[in-house]
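Please treat every number below as a calculation from the coordinates, not as lab data. Here the structure is a predicted model, which means the values were calculated and not measured. For neighbour counting, all protein chains shown are included, and Cβ atoms are generated from backbone atoms with ideal geometry for every residue, glycine included.
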């Protein structure tokens, strides 16, 4: 994921956590797929497959299960993806 894409995703997630007056739009599906790929989760090409994976993730981490990659979901996806990358870097060193 590009640095610009990551910053956009993180900005949306952080804005949602601080309670924007208008709900931010869900994250771009391509970005959400990249975050799941960083977690070694394979997703089919369809939108329903992505929603199913998002629902499973939300269930696993204790979020409201709606299948939408909103700010709280994206925030946790980014956090877990970053932790995974850091672990891989530690093992490579």
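Label zone of residue 89 (point 7 Å out along Cα→Cβ, amide N under 20 Å): in region 27-41 this covers 34-40.
Each pair of Cα atoms in region 37-93 enters the Kirkwood radius, and Stokes-Einstein at 20 °C and 1.002 mPa s then converts it into a translational diffusion coefficient of 177 µm²/s.
Figure legend: label point modelled 7 angstrom from the Cα of residue 66 along Cα→Cβ; residues of region 26-58 with amide N under 14 Å from it are 26-27, 55, 58.
Per-residue Cβ neighbour counts within 10 Å put 42, 31, 73 in the sequence 42, 31, 73, beginning with the fewest.
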